[in-house]
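This report concerns only the one structure given below.
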Amino acid sequence: MATQQRRRGRWAVCVAAGLLVSASLTLVPGLAVGAVVEEVAETPVPLTPVPAVSVPTAPVVPPALPAPPDPKPAFGAYLHYSSLGVLRMAGISRWLNGTQPRVGRSYLPGDRWSNIEGPPGFLTAWANWRRERADRMFVLNVPMLERNEEGLSDVEVRALLRRGAAGEFDPHYRRLAERLVEWGVPDTILVLGWEMNGITYTHRCGPDPEAWKTYWNRIVTAMRSVPGQRFRFDFTPSRGRDAVPWTDCYPGDATVDIIGMDAYDQPQGLSFDGQVTEPYGLQEHVEFAKEHGKPISYPEWGLFRNGDNPEYMRGMLAWMDAHRPLYHTITDYCPHGVWQCGQNPKAAEVYRTVLSGRSEPEPEPVPLLSPVPTPQSVPTALYRPGCWPLNLGDWVEYWHGGRLCVRLDRWSRTR
């Protein structure tokens, strides 16, 4: 959605972050950088047209998803895209009186192809979290085009979609699939091209729905061609009609495993019942998925235009208990969230009351595979002994590979 601060990064922000870090290194004795992300050059996009390539009409479809073993759907929260999100899972579990979220969710940066391929180390903390318990799910939002939040025109988007439909970008997605298999998470749920019915993202469907659907099918076919994969592909529009009806973008049952919906409390003044009954709303989502024999999901949901709204929170949680999505993950930062956002105390109390104390089946604590080693260039922890962390913001941490800190032992020797 348009205000999602978790994924936004402009060059101005990156330059400012760099200046701030440089100043910090100059002014604070013994300042230690946790890690540095290796800079990867952007992949140039060829300007020559690519001849059309036919898409296989019968891609290999993975086995059907089993029904959730628990009468209540698996839930989680978006807490941060990086290893910080993994660390926060324990915190929200304590807040919920011990109930453990079984779903972890992250996003791939959509700025350049090298990041959409899954930069080494970016997701290893999530991979290790997923593998600690057999009943956990890892959900990853995957952009379909680079420069995904740069406001490209419909003309540019249409041209890019057609190039994707012709097969030009297939290698990027095969590489991502190979990395996910290498990291031991071949069963990742991939929310590919989310909110395609809106106007926020470059990977939107509206400029050319037919090219968009062909391109989706190409990506899924390319990723399913990688040995060892067991991916699930989640088709997730935003609730309501938005720029185009999301049904116009549906690419077909052969390449869709889950039919999701991002459902925030908006627009202002619309009741929860209105969100259920509006065109292309919650009810139509459930009926459409049933017609196509697919489970449903809610990868993004939460408060928004109507403030601290306990009625919405109560209605949404009851709706999901009644319709049993495969999973749901609340977006937990302001203005949408409940645990990390203090401006929604009434809705937070509803969420906490409903989800606290829910018993989850305890599987055998045996990992699916051996642990994935964490590359040396990625911090394994944000807090280290003798090191006081500096909170300089998410994007400073992202571009520098970890949180900056002051070495207390060195500081004391200067006094």
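Key figures
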read-out	value
Set His336, His328: member being at pLDDT 95 or above and assigned to a loop (DSSP other than H, G, I, E, B)	His336
Conditions (1) part of a helix (DSSP H, G or I); (2) within 28 Å of Gln340 (Cβ to Cβ); number of the one not met by Gly269	(1)
Some residue of the stretch 130-143 being within 30 Å of Leu355 (Cβ to Cβ), crowded, with 18+ Cβ neighbours inside 10 Å and polar (S, T, N, Q)	yes
Conditions (1) at pLDDT below 95; (2) under 25 Å from Tyr327 (Cβ atoms); (3) open to solvent by less than 30 Å² (accessible area, probe 1.4 Å): number failed by Gly121	(2)
Whichever residue in the stretch 183-192 is surrounded by fewer than 23 Cβ atoms within 10 Å (Cβ to Cβ) and without any contact (Cβ under 8 Å) to a residue 60 or more places away in the chain and, among such residues, is farthest from Arg241 (Cα to Cα)	Pro186
Meets criteria (over 17 Å from Ile189 (Cβ atoms), modelled with pLDDT under 95 and not polar (S, T, N, Q)) for Ala64	no
Residue in the stretch 148-167 that is within 17 Å of the chain's Cα centre (by Cα) and either outside any helix (DSSP H, G or I) or in contact (Cβ under 8 Å) with a residue 60 or more places away in the chain (or both) present	yes
When residues of the stretch 255-266 are limited to those that are under 19 Å from Gly337 (Cα atoms) and of a type in the set (A, V, I, L, M), the one surrounded by the fewest Cβ atoms within 10 Å (Cβ to Cβ)	Ala263
Condition broken by Arg88, with the remaining ones in (1) in a strand (DSSP E or B); (2) in contact with a His (Cβ under 7 Å, 6 or more places away or on another chain) satisfied	(1)
Set Arg105, Arg94, Arg88: member being basic (Lys, Arg) and surrounded by 20 or more Cβ atoms within 10 Å (Cβ to Cβ)	Arg105
Residues that are of a type in the set (A, V, I, L, M, F, W, C) and not in a helix (DSSP H, G or I), drawn from the stretch 339-348	Trp339, Cys341
The stretch 209-230, residues that are within 28 Å of Pro186 (Cβ to Cβ), open to solvent by less than 20 Å² (accessible area, probe 1.4 Å) and in contact with a helix residue (DSSP H, G or I) (Cβ under 6 Å, 6 or more places away or on another chain)	Trp212, Tyr215, Ile219, Val220, Ala222, Met223, Val226
Residue count, the stretch 193-208 (criterion: among the small types (Gly, Ala, Ser) and surrounded by fewer than 22 Cβ atoms within 10 Å (Cβ to Cβ))	2
Residue that is nearest to Val103 (Cα to Cα) [pool: residues in the stretch 171-208 that are among the aromatic types (Phe, Trp, Tyr) and in contact with a helix residue (DSSP H, G or I) (Cβ under 7 Å, 6 or more places away or on another chain)]	Trp183
Residue check for Trp319: of a type in the set (Phe, Trp, Tyr), at pLDDT 95 or above and open to solvent by 20 Å² or more (accessible area, probe 1.4 Å)	yes
Only listed residue being touching a residue at least 24 places away in the same chain (Cβ under 8 Å) and in contact with a His (Cβ under 8 Å, 6 or more places away or on another chain), chosen from Phe304, Phe288, Phe272	Phe304
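The values are calculated or read from the model by the stated rules, or taken from the named source; none is laboratory data. Keep in mind it's a predicted model, so treat the numbers as computed, not measured. Ideal geometry is used to build each Cβ from the backbone, glycine not excepted, and the neighbour counts take in all protein chains shown. With ligands, DNA and RNA removed, areas are computed over all heavy atoms of the protein, side chains included. Shrake-Rupley method; radii C 1.70, N 1.55, O 1.52, S 1.80 Å.
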